[in-house]
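Bear in mind these aren't lab numbers, they're just calculated from the coordinates by the rules spelled out. All values derive from a computational prediction rather than experimental measurement. FYI the Cβ positions are ideal-geometry reconstructions off the backbone, even for glycines, and counts take in every protein chain you see.
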Amino acid sequence: MTNDAPTPDPSGAEKAAAPALDVRGISGRSGDPVGGGTTVSTRRKLASVIEDKDALAGFSRAKVSMILTDPRAEDNPIVYVNAAFERTTGYARSAVIGRNCRFLQGEETAKDSVDRLRTAVEAERDTTVDILNYRANGTPFLNRLIIAPIADSDGTVIYFLGIQKEVYDTERGEDAASALLVNVRARVQEDLGVVLDSIGAPKGDEALDYEAITRRLECLQLVYESMKLSDEQEWRRHGIDLGSLISRVATAVAHEEGRPGIRYIQQIEPLMANTDAAVRVSFLVSEVLSNAFSHAFERMEEGLVELRVTELAAGGLRVTITDDGVGLPSNTPFPNPDTIGGRLITLLSQGLDATVTPVRGAAGTVVMIDVPVGITDT
């Protein structure tokens, strides 16, 4: 079933590794607030296609398959697939992460389709193609695929995004499926660039954290689904229900990263926010909460993580994440500029003009995130 041609891209096209990402301008000191310095380019990326309702309708974990590959690594392996990819292909996420996408090809896959994709990848440009792929059980299906490069702030391609949808007999020759995928690609391409830019390239022998990438992209999809819900319920003129969104994101983190003995409590006030702020605040909560679950309870069997989100009397928002774990080491900054999560926390807080303040207690850590007035401005 497998095509032996070397074709490592989101559909199987070969590409030389791109230069490693150089993340610059990230700083942070222990106990000091981090914030300020909003960059216009970053803010524009996160809000670039914010009003595209067709894209929101299509970009759901149930409808459109999404795949991400890393051209900087040998053989351009898959680093992320969503649930729709698993359902469409029959391959579990655990079976495909770290592999090249060529396993989707088979005996009847047209060479000219693969060549067309390879040419686009070599030129680092978008392209769309209908290609015959094969499910895990060996049955073929026609796959309408868009590939798009994801670039960092310097314009260097750091990932390739594949957006794909099975084409049924009734859709052959129609433009509807193509239009859906084009809208979805426009929706996510620049947003992904902002998120993935902060991750950077693995340093030295450091392995790429596939699970962390998965969590961040699932968070982004929760944001888009909340935007779609706001549209359907005619809330978008007032913004996004940020309280509900944070609740979903935080619950997902607690479910995926919690363990027996670690209790989790959340108290979140209702709050509306504009889309740009909703994206950033959701990611901030996800990163800090994940850090607490992952590192606060080393060699501890029991513990508590608590999330509180409140609207400040003078406007703005305060997020407080508390744990009663081992506490931050005295010589460790937070956010830590040497970690992926630390870099992303800094980038997101800068975009919000927010401050992130860690407090070392007698037991555990309190992280306060203060977001100033303006997050409800549309």
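The table for this structure:
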{"read-out": "Separation of alpha-carbon centers, region 303-339 and region 94-164, rounded to whole Å", "value": "40"}
{"read-out": "In nm, spacing of pseudo-spin labels at Ala83 and Thr357 (7 Å Cα→C-beta vector)", "value": "3.9"}
{"read-out": "Cα-based shape type of region 330-378, given that a ≥ b ≥ c are square roots of the gyration tensor eigenvalues and the cut on a/c is 1.5", "value": "oblate"}
{"read-out": "Ranked Arg125, Arg280, criterion: other C-beta atoms within 10 Å, fewest first", "value": "Arg125, Arg280"}
{"read-out": "Residues with amide H under 5 Å from that of Leu132, placed H, sequence gap 5 or more", "value": "Ala110, Asn143"}
{"read-out": "Prolate/oblate/rounded label for region 213-371 (Cα gyration tensor, a/c 1.5)", "value": "prolate"}
{"read-out": "Cα→Cβ-extended label distance, 7 Å offset, between Thr139 and Arg248, nm", "value": "3.0"}
{"read-out": "Where labels lie 7 Å past Cα in the beta-carbon direction, separation of His255 and Tyr168 in nm", "value": "2.7"}
{"read-out": "Förster radius 41 Å - calculated FRET efficiency between Ala92 and Ala313, Cβ distance, rounded to 0.05", "value": "0.25"}
{"read-out": "Mean Cβ count within 10 Å, highest first, over the residues of peptides 158-168, 250-260", "value": "158-168, 250-260"}
{"read-out": "Ascending count of other beta-carbon atoms within 10 Å, so fewest first, for Thr322, Thr119, Thr139", "value": "Thr139, Thr119, Thr322"}
